[in-house]
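A short reminder: the numbers here are calculations on the coordinates, not readings from a lab. Keep in mind that what you see is a predicted model, and the values were worked out from it rather than measured. When we count neighbours, we look across all protein chains shown, and the Cβ atoms used for this are built from the backbone with ideal geometry, even at glycine.
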């Protein structure tokens, strides 16, 4: 029919993949049909179990391929994670910095350092240096930042170390730890611009 839209490239790829899988699994399915028709109960049970495992494996494979082909990251949709992602739902870099100051004024230095680290992540995202991803570790952020802006790595290292200590170490942090992290954040900001 003229003017009718054909299948999308993703649909065409999936159809081709399914046809390939049918050809690959046809001997297995024929064997399974023979086992089930033979009336051997152990063979039937094993055949059904194998079929379930095969279907699960194929499903996982298809889902991974579709996920790899469909880039739904905030950058692909236009705009950084600070504008559209999890970080935007919380605060901007300036808001995180203000929260750090309020926490420090309340003598909650651990929360203040965590807020400064969050401000650093927002700063990196807002500057399009390292996109925010809540699944990344501080070490991954360190490595990524060193690749794109070597000079910003030193103050970020201080912030990351302070964050890990404040968030995960059993020892308490104090105002000296906060001041050290604050200086590192202030050093990072112009290097990230």
Please sort 93-101, 161-169, 23-31 by packing, taking for each peptide the average over its residues of neighbouring beta carbons within 10 angstrom, highest first. 93-101, 161-169, 23-31
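Based on the Cα coordinates of the range 94-184, what is the per residue volume of their convex hull in Å³?
Numbers: hull volume 7.5 nm³, N = 91.
Taking only Cα atoms, the range 94-184 has a hull volume of 83 Å³ per residue.
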What is the order of 48, 113, fewest Cβ neighbours within 10 Å to most? 48, 113
When a footprinting reagent is the concern and you count Cβ atoms within 10 Å, what order do 11, 126 take, fewest first? 11, 126
